[in-house]
1. On the protein heavy atoms, probe 1.4 angstrom, tell me the percent of accessible surface of region 23-89 carried by carbon and sulfur.
2. I want to make sure I understand the PRE zone here: with the label point 7 angstrom from the Cα of K287 toward its beta carbon, which residues in region 223-245 have backbone N atoms less than 20 Å away?
3. Largest first and in whole Å, give the semi-axes of region 87-136's equivalent ellipsoid, each being the square root of 5 times a Cα gyration tensor eigenvalue.
4. Could you estimate the translational diffusion coefficient of region 431-482 from the Stokes-Einstein equation, with Rh from the Kirkwood formula over C-alpha pairs, at 4 °C and 1.567 mPa s, in whole µm²/s?
5. At 4 °C and 1.567 mPa s, what whole-number value in µm²/s does Stokes-Einstein give for the translational diffusion of region 31-123, with Rh from the Kirkwood sum over Cα pairs?
6. For region 169-300, take every pair of Cα atoms, bin their distances at 10 Å starting from 0, and report each bin as a whole percent.
7. With every protein chain left in place and a probe of 1.4 Å, what is the accessible surface of D143, to the nearest 10 Å²?
8. Take S102 and A479, extend 7 Å from each Cα along the Cα→Cβ direction, and tell me the distance between the two endpoints in nm.
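The values are calculated or read from the model by the stated rules, or taken from the named source; none is laboratory data. Bear in mind the structure is a predicted one, so any value in this text is a computation, not a measurement. Quick reminder, even Gly has a Cβ in these numbers, built from the backbone with ideal geometry, and neighbours come from all protein chains shown. Please note that ligands, DNA and RNA were not included when accessible areas were found on the heavy atoms of the full protein model with its side chains. Shrake-Rupley method; radii C 1.70, N 1.55, O 1.52, S 1.80 Å.
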Amino acid sequence: MALTPGQLVGPYQVIGQLGHGGMATVYKAYHPRLDRYVAIKVMHKAFTEDAGFIARFEREAQIVAKLEHPHIVPVYDFDELDGQPYLVMKFIEGQTLKKVLSDGPMPLPEIIRVMDDMAEALTYAHQHGVLHRDIKPSNIVIDIHGEPFLTDFGLARVTKAGASTLSADMILGTPQYISPEQASGQAELDPRTDIYSLGVILYEMVVGRVPFTADTPYAVVHDHIYTDLPRPSTVNPSVPPQVEAVLMKALAKKAADRYDTAIDMMTAFKQACAAAGLTALPDNRDKVAEQSFARMNNSLLDDSPTVSTETPAKVVKPAPSIQSPLPPKPTTYVQPAEPLSRHEARSAKREERRTKKNVQWEFKFDDQNDWKKLGDRIKEKVEQGAGWAESLGSSIEDAAKEGARAAAYEAHTPKPTISDEARIREKIEQKYKERSGVIAHAIPYIIVNLVLWSIYFSTDAGGFPWPMFVTFFWGIGMASHFFAYWSKYGGGATRREDAIQREIEMERGRSLSYEKPKNDARMRLTDDGELEEVPEDEISLAEKRKRN
């Protein structure tokens, strides 16, 4: 249920919508008696079908309400509206850190100030047994005075309770900022999972971009678990070794190798900056980082051998400082083989495969090579054939499913009927007929006016311009005819259709926002931390790769 401006939600009057996500919609509202603005977070009605969801959402309110810190957005109230729970929080007028970074890199003193406040807020939450589990720039709000606030504890977990505000079988967090242990689905998490995510933000602000990006969230999650961290100095040479060591420790794959608290991480970062004499960072570090990652990706894709056309310089072997106790190895000159042509190389490969095949199936059936060895070889080939047959069966099954989906789509796709074609044809013919009418109207108008004005100028040019009556009054009818055609088929019709389509899309978006998700649909988190349904073709491909 969408809230409308002016609607009362308890004592709060809705002003307008602030944001919309996969789980909830946030509205700005006003409390007249207290004379203050608040943010109301209303969960989508589809999620309230879960029997324990309201209890988990209420527990989120209890979790955050206990956290009283100047850089954590406080919770004011919790209630329900027509069965939908909502959370009332302090309204922060400002913009998210994600929006700030999208406008350009922050100066180093500003980075230290913002990250210091976030480290203190996160350490405070950890000391009270609360894990955030979704630290990212869009969950850090900077108000108009420059003060940062940590918000959205929607994935928070009380370490003692061990329960989450979401389903336990989902991977929680945002792929670009998720910790390796959280990405791998480990149940036992500690505060160092949030420290990793905060370290990713620090890496992004100092180096110029996040360490791992890919085309799909699954690929990013895989990199966080298995891929080595791109060294900051390699991505951006302006990062000194002392600062690089802090970032490498904060983003260690093993939680035990990271800092114990977020405050410890920022303390080490400030000490590293002081030791390196670092007082400023380049303003173009985001562009430098993008270029560095592009070069690294190209080097990984380019596996062709490098051939040098320059004459190599003569290498002088240095004399050893300590004489080797072994006698010198005699040098044997080997005549370099002449390069084979392409045809000769292919013939040599075919001969090699033929010889290898003959050797594999060469049996003498004596005491050393008996029938048992032949049986083992046959068994091995039979097992290979069975695996091939299973793979072929899986491919046929996947093709059958894909064909069934295509047939179902084809069956449910509306096709133009004969009546539709006739209607379209009639519409186009009517358009050309009316255009011909406009042209037929314009030609006599132009000819008659040319004749009348020619007669006027050739007979009595100094008299009253009597042709103007024909030009003016007939011109009114001509202009009316033209603008009627233009409004029906020209630019006016295009603008009208665009306006209609916009309204249809907005209404469709509002209806789909509150559509109940299918229970059998598989969901995933996007880069922005929103829930979306995984397409069937990605599921079938993942299952196929798993079988292979």
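1. Carbon and sulfur together cover 49 percent of it.
2. Output list for this probe position: 234-239.
3. Its equivalent ellipsoid spans semi-axes of 22, 16, 10 Å.
4. For these conditions, the coefficient is 108 µm²/s.
5. Numbers: Rh = 15.7 Å.
The estimated diffusion coefficient comes to 82 µm²/s.
6. 13, 43, 33, 10, 0
7. 30
8. Placing both labels 7 Å beyond Cα along the Cβ direction yields 4.6 nm.
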